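Notes follow once the structure below has been shown.
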Amino acid sequence: MPNDLDSFLFRFVLEYLQRKGYKGAADALKSESKAEISEHFHNPSLDIDDHVRNFLEIFLNVREEEKSLSEDYAKVYRWIDGCLEVVRVELGQLAYPLLVYLFLDLIRRERYEESQKLLDDWASKFSEQSVREELFSLKGVRKREQLNENLVAQLYLKHRKDVFVSQYAFELLCDFLVEHRLTCVFRCLMEHFHIRIEKVSQVEFSEDLKHSIGFFPFRESEELRKNDVRWKPLKESDYIVQTSSLESSTPLESTMTDKEDVQPSIPLPKYPLGAAVLETEDDKMRRVSLGVESPPSALMYTFSNTYDEMNCLDISFDGSVIVAGFSDSFIRFWDGKECGQYRLIGGKPLIGHSGSVYSVSLSPCGRFFLSSSEDGTIRLWSTKLERDLVVYKGHLFPVWSVEFSPLSHYFISGGHDRLGRLWTTDRIFPLRLFGGHYSDVEVMRWHPNCCYVASGSSDRSSRLWDLRDGNSVRLFGPHTASVCSMAFSNDGKKLVVGLENGQIEFWDIAQGRRYSRVEGHKGPVWCLDVSKDDIFFASGSSDCFVHLWNVTALDHSLQSTVSKDQLLVKSFQTKDSAVYCTRFSRKNLLLVAGAAL
Amino acid sequence: MEAALRKETCQAVAQYSLGVESIPEEVATAVIEDAEYRLRQLLQEAVKFMRNSKRTKLLPRDINAALRLENMEPIFGYTAPQKKQFRAVKSCPGLYVLDDDLVDLSQVLEESLPKPPVEPTLEAHWLAIEGVQPAIRQNPVRDQLKDAKTRSDPVPVEALKPLKHALSKEFQLLYDRVISIIRGDDNEKKKACLRELSKQPGIQQLVPYFTLYIHKEVSENILFTERLFSVMQLTRALISNSNIHIDPYLHQIVPPVLTCILGKRLCSKWTDPHWDLRDYSSSVLGIIYHQFGSHSATLQTRVARSLTSALLDDERPLTTRYGAIVGFLSLGVREVQICLMPHLPFLSRKIETELESNDADSERRLSLAKVYGALLLAAHVCLKQNNQDTKKDADSDDVVMKEDTKDNAEMSSIYTFHMDTYNNLDSEEKNRMSSFVPKFDSLMAVLYEQFGDSVFPTLSNYL
């Protein structure tokens, strides 16, 4: 668009010169310019409509005597604020990005004092959680050189802001800008915005937009939504070794199945029936059937004397092993079967990392676990041998999250280097890199069918990645805060995201649509898990509560948004211990772990 | 978010900690702007470390982790949990510094190493059983479960509101009047007032307020014997009022009474009549013990336990020990025999040796004499009881029936003893001092009269 602007200007000047009869000057200008522009020039006055002509005239007149931008912005802000309700919602989405872009423009033109004044005057109007961090970061920018280093500034400068407005609203805005000769604002709109004119007013979008006025690549999200996601669970034959007697019949059946079925995109390990990784018949037989009337039992593991040092926790599916990572680089693990009888002191300390341990993940069989640390390494440990087996070096910066795949063998990690990685346990280098987030990857989770992984980031978005090619196939967001935890439902249809501000979002993977967003907790949601029959999600938080959410309400409801009351079934309060881990056992017993404050 | 560093800060830092005399304004501005930018960057990184450590509080180690991430040297010395306070620098507004403590290295090296932190412990318990949180120690108390939500049977919110105890104007006036009389000096009015309080059925509504008053008055005026005395009189009046229901408030009344018996120091001068206060309070305790002991399961054991611990703790002063002894005396003969007698030899020997040594000052001597006197009284009570027991053995009929009445008789005699001291107090204030020591002598005389020479060998059985 800046090129467009230049060419507009060029054409206008040329026309002006010709009209006034300065032949020589016009020729000189023409010869200076590129050939392509002069080609267009043959019909000069036709493609410049009245609007633009008006604008350009103002532009030429006022350019030199630019007034304080802060005042200009004040005019726009107040005008938007005083608009009709219908229009206000639409134009309201312009207010914040306009402020950011005006600020960045001022910095770029080295008008530093004005830029600070602008931000000082107006930043307080936008105090929502979602933009607080952006504003905090932007406020530090004082010099043009810092623009290149500042992440937020780069995000805004490299991407155009997508805005959907109705024809009527846009005309109103243009009239207003022309009338008050707010050229700077107009130029900013032309340069940095991608205004899409919609026939129908987009008011139903508004609720969403109001909550997330910060940066979000809407266009990419929309394009990714066109991808197909085969979310169905795997067939048993994909990961269970077939006994010879069955083998004759099953291949025929599997060839008959339709295309919708999921083919594993990576070679999966196969297990014989009854392996520790798999659910046993006993698990299925004795699974407690849950419902709103029959909520689950919850077993709580309370840690004391952790002195804020404990960073992460994982419990095996049967509750037999509990692993915790500490900020003094220790990992301790406890035998869960012993702790019913008496207090366990100390646990077995494991030494290996040279920095805080930020994530631990037990393998489904409970014999191995992974840990990720500040020192940029991931280690594989054996609970039987009580020592580390492999060091995986790949990340350069702290690794925030690591998770074993549901079928063991593979694992994923994500960290401060904004990348996610796919590994197998028998290779010390990553198999896939998942790049695309604008900030740290805070959480990585496996899709239950092992074809996809999800990553949640502090850029307030989550992505779904295809393991086959390592490309992003979905972009969920914008969230209202950084992602702290995620969980897939077992049928692979839903993704639940827990945020730092205590909100919980429920997303439909296939459609890329959000079912609902609820004010779940009063503190960051540290953990999420789903019951085996996909009825409850359990969320735990630093506010000492475990909430149970009824997910089936999402399927039944026809409304676009489901309220908190419809979803929240039960809350359990712990005795002043922040909840670090919630996990449903294979028999639907809820295992909760937390550290006493 | 609004905080911004000032260029004066840069100049001050340059001057004081780097030794650069003066730096131009533009340089200072440029440097400080960049410093602020770096600081914001650092804070953003530090917050990520905080989040991934599952904390909601930013700690020095998060800042250090962020510094390491940016390839900078961490700042040491601030990770210890002690609180440090920033101090404003007067000459440079907007600049705050942390004072560095001076540490004597040799002293640090000589000191024994600090204790290692306690190992983390793990405990498993039920958070919920089929959706219901069991009332166990590890779960929060039911009252705290306000936010707990049950869908099947919604609890009406109104029911959870705290009940407001409204007091009518008349009652407020009455309460104020009673308190002012009890605090005042007019003995006649006070007596009348107390008499009324011990009979009136209409003061039930005021009971919680009186309880609170007793509690507060005792804790606030621990050194004013007179005030404490008035409070104990009020307490006695309340508990002897059979027309009101005071049981639910006993757990609040007993601790102040115990304080008035066992307090380390209940006087501003040692000549204050705090011994009498202890005697009187123990009589109050005796009434509570016998009147309400049967209603409340734990009251008797609780009282006996606190008295025993006061008696046997060597750290406690003599005043507390005296209180414990008279306390036991007020509880009854059986308690004296069970709890006090086994320790009598030990206690009396200690006091005798100290009394003989003769080098204590008069305060100490008085205390010793009082304790010794109380011990003798206890011995006397027991001996008398033994005497009766032997008689009873001779009679050997309907023992059970008589035992209670005998006990009561015994009790009342002790009370009269205490009541006497109380009456003495009422009548004369000045020469209380003189009345104490003779009492000890007269007691000896009484004992001697009753037992003759045999008192000493008999006593020595116990001593």
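Observations, loosely collected:
- Restricted to segment A:346-386, and to residues there that are surrounded by 14 or more Cβ atoms within 10 Å (Cβ to Cβ) and of a type in the set (A, V, I, L, M), the residue that is nearest to B:L59 (Cα to Cα) is A:V357.
- Qualifying position, being under 30 Å from B:E220 (Cα atoms) and at pLDDT 75 or above, among B:L113, B:L102, B:L173: B:L173
- In the set (1) under 29 Å from B:D314 (Cα atoms); (2) among the basic types (K, R); (3) in contact (Cβ under 8 Å) with a residue 24 or more places away in the chain, B:K199 fails one condition alone, (1).
- Residue match in segment A:359-369 (condition: in contact with a Pro (Cβ under 7 Å, 6 or more places away or on another chain) and free of Cβ contacts under 8 Å to residues at least 60 places away in the same chain): no
- Residue match in segment B:340-354 (condition: of a type in the set (G, A, S) and either over 22 Å from B:T259 (Cβ atoms) or at pLDDT below 75 (or both)): yes
- Set A:L104, A:L91, A:L56, A:L99: member being at pLDDT below 75, buried (at least 18 other Cβ atoms within 10 Å of the Cβ) and assigned to a helix (DSSP H, G or I): A:L56
- Checklist (1) within 10 Å of chain A (Cβ to nearest Cβ); (2) not in a helix (DSSP H, G or I) applied to B:Q41, failing item: (2)
- Listed by position, the strands (runs of 3 or more DSSP E) enclosed by segment A:404-455 that each have at least 3 residues that are surrounded by fewer than 24 Cβ atoms within 10 Å (Cβ to Cβ) and modelled with pLDDT of 90 or more are A:419-424, A:432-435.
- Residue check for A:F317: touching a residue at least 12 places away in the same chain (Cβ under 8 Å), within 14 Å of another protein chain (Cβ to nearest Cβ) and of a type outside the set (S, T, N, Q): no
- Residue within segment A:344-360 that is at the interface with chain B (Cβ under 8 Å from one of its Cβ atoms) and of a type in the set (A, V, I, L, M, F, W, C) present: yes
- Residue match in segment A:64-78 (condition: modelled with pLDDT under 75 and in a helix (DSSP H, G or I)): yes
- Restricting segment A:320-340 to residues that are out of contact with any Ser or Thr (no Cβ under 6 Å at 6 or more places or on another chain), assigned to a loop (DSSP other than H, G, I, E, B) and within 7 Å of another protein chain (Cβ to nearest Cβ), the residue that is modelled with the lowest pLDDT is A:G340.
- Selected residue (criterion: nearest to the other protein chains (Cβ to nearest Cβ)) from residues of segment B:92-131 that are under 30 Å from B:I32 (Cα atoms) and surrounded by 10 or more Cβ atoms within 10 Å (Cβ to Cβ): B:G94
- Annotation: of all residues in segment A:1-47 being among the polar types (S, T, N, Q) and farther than 24 Å from A:H192 by Cα, the one that is modelled with the highest pLDDT is A:Q18.
- In segment A:566-584, of all residues being assigned to a strand (DSSP E or B) and touching a Ser or Thr at 6+ places or on another chain (Cβ under 8 Å), the one that is farthest from the other protein chains (Cβ to nearest Cβ) corresponds to A:F584.
The rows are residues; the columns are (1) within 14 Å of chain B (Cβ to nearest Cβ); (2) in contact (Cβ under 8 Å) with a residue 24 or more places away in the chain; (3) crowded, with 24+ Cβ neighbours inside 10 Å.
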{"site": "A:N471", "(1), (2), (3)": "no, no, no"}
{"site": "A:S489", "(1), (2), (3)": "no, yes, no"}
{"site": "A:K493", "(1), (2), (3)": "no, yes, no"}
{"site": "A:F506", "(1), (2), (3)": "no, yes, no"}
{"site": "A:Y515", "(1), (2), (3)": "no, yes, no"}
{"site": "A:V518", "(1), (2), (3)": "yes, yes, no"}
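- Inside segment A:170-183, residues that are modelled with pLDDT under 80 and either surrounded by 20 or more Cβ atoms within 10 Å (Cβ to Cβ) or more than 14 Å from A:A74 (Cα to Cα) (or both) make up a count of 2.
- Across segment A:161-196, the qualifying residues are those that are free of Cβ contacts under 8 Å to residues at least 60 places away in the same chain and in contact with a strand residue (DSSP E or B) (Cβ under 9 Å, 6 or more places away or on another chain), and the one among them that is farthest from the other protein chains (Cβ to nearest Cβ) is A:Q167.
- Filter pass, A:L135 being within 14 Å of another protein chain (Cβ to nearest Cβ) and either surrounded by 16 or more Cβ atoms within 10 Å (Cβ to Cβ) or not in a helix (DSSP H, G or I) (or both): yes
- Criterion: more than 22 Å from A:V292 (Cα to Cα) and surrounded by fewer than 22 Cβ atoms within 10 Å (Cβ to Cβ) - qualifying residue of A:K532, A:K522: A:K522
- Residue check for A:G346: modelled with pLDDT under 85 and of a type outside the set (D, E, K, R): yes
- Number of the condition not met by A:Q154 [criteria: (1) crowded, with 22+ Cβ neighbours inside 10 Å; (2) part of a helix (DSSP H, G or I); (3) within 14 Å of chain B (Cβ to nearest Cβ)]: (1)
- A:D543 on the phi > 0 side of the Ramachandran plot and in the same structural domain as A:S461 (by TED's automatic domain parsing): no
- Qualifying residues in segment B:132-151 (those that are part of a loop (DSSP other than H, G, I, E, B) and more than 7 Å from chain A (Cβ to nearest Cβ)) - the one modelled with the lowest pLDDT: B:K146
- Enumeration of residues in segment A:262-314 that are at the interface with chain B (Cβ under 8 Å from one of its Cβ atoms), part of a loop (DSSP other than H, G, I, E, B) and among the polar types (S, T, N, Q): A:S294, A:S297, A:N305, A:T306
- Residue check, B:E36 under 29 Å from A:Y112 (Cα atoms), surrounded by 14 or more Cβ atoms within 10 Å (Cβ to Cβ) and charged (D, E, K, R): yes
- Residues of segment A:472-518 that are aliphatic (A, V, I, L, M) and assigned to a strand (DSSP E or B): A:V473, A:L475, A:V483, A:M486, A:A487, A:L495, A:V496, A:V497, A:L499, A:I504, A:V518.
- Within segment B:53-68, tally of residues that are at the interface with another protein chain (Cβ under 10 Å from one of its Cβ atoms), assigned to a helix (DSSP H, G or I) and within 43 Å of the chain's Cα centre (by Cα): 2
- Residue within segment B:96-103 that is free of Cβ contacts under 8 Å to residues at least 12 places away in the same chain and in contact with a Lys or Arg (Cβ under 7 Å, 6 or more places away or on another chain) present: yes
The values are calculated or read from the model by the stated rules, or taken from the named source; none is laboratory data. Quick caveat: nothing in here was measured; it's all calculated off a predicted structure. All Cβ positions, glycine included, derive from the backbone under ideal geometry; neighbour counts span all protein chains shown.
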